[in-house]
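Structure first, commentary second.
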Amino acid sequence: MEFAALMTRCGADFLKVLALPVAVGVSGGADSMALAWLTRRWGGRVLAFTVDHGLRPEATQEARLTCERLKSCGIACRVLVLEGLGTRRLQERARQHRLARLEEAAWQAGAPVLLLAHHRHDQEETLWMRQQGGSDWPGLQGMAASALRGRVAVLRPLLGISPYRLRATLRQAGLPWCEDPSNHNRRFERVRVRQDLGASQRQDLHNLRARALSEAGAEERAVAALLAEACRWEPEGWVSLAPGLLQASGEALAVSALRRLVRLVGGKAYPPSRQATAALLQRGGGSLGGAVLGARRGRWHLVREERGLPAVPLTDQLLWAGRWRYVAGSAPVGAAGPPLLCAPLGPHVSRLKSPAPEAFVPRAALAALPGIWQGGRLVAVPAGMRGLEESGRPAVSFIWESGVPVTGARLLD
C-alpha cells in the first residue's frame, strides 16, 4: 500500500510496534479528511482533532460536522476551540495557535506524533514564498516530512502527493469534506501563489529544494560539531561559549551557530538575521533577539534578556516565555489569597547568596528564570538551579522546552 510506504518513510512504524495512538490534525477539508481516512486504514488507534478557529460564522458547525463524519468512519474526534486571536496577521496567528493546540492535545492524549496533511502543492507554495522573502538554505528546505516540535514529532506523509489525488481518494471512498472559502480568497498571499504558480515553476522549486537540503545538511553537521566543542549548555537556560573556538571556525560557521543559540536562549520562533548576528559576533557583546552576550574570565555567556518577560497567571502545564514548562503539582505553592502569577525572578536575585566560583551563574541568567509570585511576593523558585538552593522558598519544577532543538530538528527527509 502506497500510504504505508509513506508512513514508513516518515519513521512512523514504531507506532504500530508499540501500539501507540496516532494524532491527526483534521480541518475538515479534503486533504486532512483523506489523511485521517488513510491513517485509519493503515491501522492503529487514530485520534483526530479538529480546530474551531472562529474566523467564520460557519466554523463551529463545520467543526462539529467534521467530527460526525470522522466518527462515522470509526475515528475518534475532538473539537479544539481557538480564542484570543486578535485581528493583526490573522492567518499567521491562527496557524500558529492551531498548531500549538494540536501539539498540546496530542501530548495530553499520549500520542507521540501528530500527523498533518500538507501536500505537494503546499510545499511548493511555501518554497516560493520563502524564496521571495530572501530565505537562505535552511529555509529553502521547505517543510520536513518529519520534524520535532515541542513534546511531539510532526509527521507530514503526504508532502509528495498531489491534492487532486487526495480528492479522488475521498470520492472513491464516498466521503464528503468541507470547503473553506478563504482558500480561494486572493487577499491572502498563499492563495495568490497557489493560483498563479505554473507547472515549470513548481518543478524548479523542487530542484531548488534538493540543493537546499544538500547545502543545509552540510551546514547542520558542521554546526553540531562546532557546538559540541565550543558550547556548554547550562541548566539555568544559558550558554557558556569558548570564543576562540567559535571565531577560529570561520565567520560563516560561527554566525550560523550563534544564530541558533540566540534563538534558543531568547525563546523566539525564528533566529535573528545573519547580518545582525555577524555584528554581534564582531562586537563580542550586546543584545539580540531577546538574548544578551557577555564575557567573564575568557569565556562568553549568552543569557535571556530580562526585559519583555511576561507575568501571566499560573496554570497547569504553562509554557512560560516560550522556554520553561511548569510541572503542576511538583510542590504546593501559595496560600489562600491573590492569584498565583508566573513572572521573572528579576531584582529578587540581588538578595541571593552567590554560588561558589566553580558554579558560576550570571545574575542576569537567574533574573530571567521563572518564579511563582502571589500578591507581589515571591513564594516559590524553580528547582535545580544553582544560586537558588538557599533562597528559603519552596522549589517547583520547570522543564526546559524551546520548541525545537538547536540542531537536528528535522528527523528525516
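The values are calculated or read from the model by the stated rules, or taken from the named source; none is laboratory data. What you are looking at is a predicted structure, and each value in this text was computed from that prediction instead of being measured. Using ideal geometry, Cβ is built from the backbone for each residue, glycine included, and neighbour counts are taken over all protein chains shown. Areas reflect the complete protein model, heavy atoms only, side chains present, ligands, DNA and RNA absent. Shrake-Rupley method; radii C 1.70, N 1.55, O 1.52, S 1.80 Å.
GLN247 - would you say it is surrounded by fewer than 16 Cβ atoms within 10 Å (Cβ to Cβ) and touching a residue at least 12 places away in the same chain (Cβ under 8 Å)?
Numbers: surrounded by fewer than 16 Cβ atoms within 10 Å (Cβ to Cβ): yes; touching a residue at least 12 places away in the same chain (Cβ under 8 Å): yes.
Yes; evaluated as a whole, the condition is true for this residue.
I need a count of the residues in segment 1-24 that are in contact with a Ser or Thr (Cβ under 9 Å, 6 or more places away or on another chain), among the hydrophobic types (A, V, I, L, M, F, W, C) and not in a helix (DSSP H, G or I).
So the answer is 4.
Check whether at least one residue in segment 80-89 is among the acidic types (Asp, Glu) and more than 26 Å from SER162 (Cα to Cα), and report yes or no.
Yes: segment 80-89 contains one or more residues that are among the acidic types (Asp, Glu) and more than 26 Å from SER162 (Cα to Cα).
Checking TYR164 against (1) closer than 29 Å to ARG260 by Cα; (2) open to solvent by 70 Å² or more (accessible area, probe 1.4 Å); (3) without any contact (Cβ under 8 Å) to a residue 12 or more places away in the chain, which test does it fail?
Against the list (1) closer than 29 Å to ARG260 by Cα; (2) open to solvent by 70 Å² or more (accessible area, probe 1.4 Å); (3) without any contact (Cβ under 8 Å) to a residue 12 or more places away in the chain, TYR164 comes up short only on (1).
Within segment 69-82, restricting attention to residues that are within 14 Å of GLY25 (Cα to Cα) and not in a loop (DSSP other than H, G, I, E, B), which residue is most open to solvent (accessible area, probe 1.4 Å)?
ARG78
Please count how many residues of segment 295-312 are at pLDDT 95 or above and more than 22 Å from the chain's Cα centre (by Cα).
Final tally of qualifying residues: 2.
Can you name the condition, by its number, that GLY285 falls short on among (1) touching a Lys or Arg at 6+ places or on another chain (Cβ under 9 Å); (2) exposed (fewer than 14 other Cβ atoms within 10 Å of the Cβ)?
Tallying (1) touching a Lys or Arg at 6+ places or on another chain (Cβ under 9 Å); (2) exposed (fewer than 14 other Cβ atoms within 10 Å of the Cβ), GLY285 fails exactly one: (1).
I need the full set of residues from segment 340-375 which are open to solvent by 50 Å² or more (accessible area, probe 1.4 Å), part of a loop (DSSP other than H, G, I, E, B) and either of a type in the set (Gly, Ala, Ser) or at pLDDT 90 or above (or both), in order please.
Selection gives SER354, GLY375.
So is GLU62 surrounded by fewer than 16 Cβ atoms within 10 Å (Cβ to Cβ) and either without any contact (Cβ under 8 Å) to a residue 40 or more places away in the chain or among the acidic types (Asp, Glu) (or both) or not?
no
Could you look through segment 83-115, keep only residues that are assigned to a loop (DSSP other than H, G, I, E, B) and at pLDDT below 80, and pick out the one that is most open to solvent (accessible area, probe 1.4 Å)?
If we take residues in segment 83-115 being assigned to a loop (DSSP other than H, G, I, E, B) and at pLDDT below 80, then ARG88 is most open to solvent (accessible area, probe 1.4 Å).
For segment 1-15, which residues satisfy the criterion of being farther than 10 Å from ALA145 by Cα, open to solvent by less than 100 Å² (accessible area, probe 1.4 Å) and touching a residue at least 24 places away in the same chain (Cβ under 8 Å)?
PHE3, ALA4, ALA12, LEU15 - these are the residues of segment 1-15 that are farther than 10 Å from ALA145 by Cα, open to solvent by less than 100 Å² (accessible area, probe 1.4 Å) and touching a residue at least 24 places away in the same chain (Cβ under 8 Å).
Going through segment 384-400 one residue at a time, which ones are buried (at least 16 other Cβ atoms within 10 Å of the Cβ) and touching a strand residue (DSSP E or B) at 6+ places or on another chain (Cβ under 8 Å)?
Answer for segment 384-400, where residues must be buried (at least 16 other Cβ atoms within 10 Å of the Cβ) and touching a strand residue (DSSP E or B) at 6+ places or on another chain (Cβ under 8 Å): LEU388, SER391, ARG393, ALA395, VAL396, PHE398.
What residue, of ARG156, ARG192, is in contact with a Cys (Cβ under 8 Å, 6 or more places away or on another chain), surrounded by 12 or more Cβ atoms within 10 Å (Cβ to Cβ) and modelled with pLDDT of 90 or more?
Being in contact with a Cys (Cβ under 8 Å, 6 or more places away or on another chain), surrounded by 12 or more Cβ atoms within 10 Å (Cβ to Cβ) and modelled with pLDDT of 90 or more holds for just one of ARG156, ARG192, which is ARG156.
Looking at segment 268-281, which of its residues are open to solvent by 10 Å² or more (accessible area, probe 1.4 Å) and either among the charged types (D, E, K, R) or touching a strand residue (DSSP E or B) at 6+ places or on another chain (Cβ under 7 Å) (or both)? Quick ask: steps written out before the conclusion?
The initial filter retains those residues of segment 268-281 that are open to solvent by 10 Å² or more (accessible area, probe 1.4 Å), namely 268-276, 278-279, 281.
Passing the criteria: LYS268, PRO272, ARG274, ALA276.
Are any of the residues in segment 215-223 free of Cβ contacts under 8 Å to residues at least 24 places away in the same chain, within 30 Å of VAL361 (Cα to Cα) and open to solvent by 40 Å² or more (accessible area, probe 1.4 Å)?
Initial filter on segment 215-223 (free of Cβ contacts under 8 Å to residues at least 24 places away in the same chain): 217-218, 221.
With the extra rule that they be within 30 Å of VAL361 (Cα to Cα), the set shrinks to 221.
The next check asks that each one be open to solvent by 40 Å² or more (accessible area, probe 1.4 Å); those that pass are 221.
Yes: segment 215-223 contains one or more residues that are free of Cβ contacts under 8 Å to residues at least 24 places away in the same chain, within 30 Å of VAL361 (Cα to Cα) and open to solvent by 40 Å² or more (accessible area, probe 1.4 Å).
If you go through segment 170-210 one residue at a time, how many are in a helix (DSSP H, G or I), more than 30 Å from PRO57 (Cβ to Cβ) and in contact (Cβ under 8 Å) with a residue 40 or more places away in the chain?
6
Checking ALA147 against (1) in a loop (DSSP other than H, G, I, E, B); (2) on the phi < 0 side of the Ramachandran plot; (3) out of contact with any helix residue (DSSP H, G or I) (no Cβ under 9 Å at 6 or more places or on another chain), which test does it fail?
(1)
For LEU318, all conditions in the list (1) surrounded by 18 or more Cβ atoms within 10 Å (Cβ to Cβ); (2) touching a Phe, Trp or Tyr at 6+ places or on another chain (Cβ under 7 Å); (3) aliphatic (A, V, I, L, M) hold save one; what is the number of the exception?
(1)
Here are the criteria: (1) open to solvent by less than 20 Å² (accessible area, probe 1.4 Å); (2) touching a helix residue (DSSP H, G or I) at 6+ places or on another chain (Cβ under 9 Å); (3) among the hydroxyl-bearing types (Ser, Thr, Tyr). Tell me which single one SER240 does not satisfy.
(2)
Can you name every residue in segment 116-143 that is modelled with pLDDT of 95 or more and not in a helix (DSSP H, G or I)?
LEU116, ALA117, HIS118, HIS119
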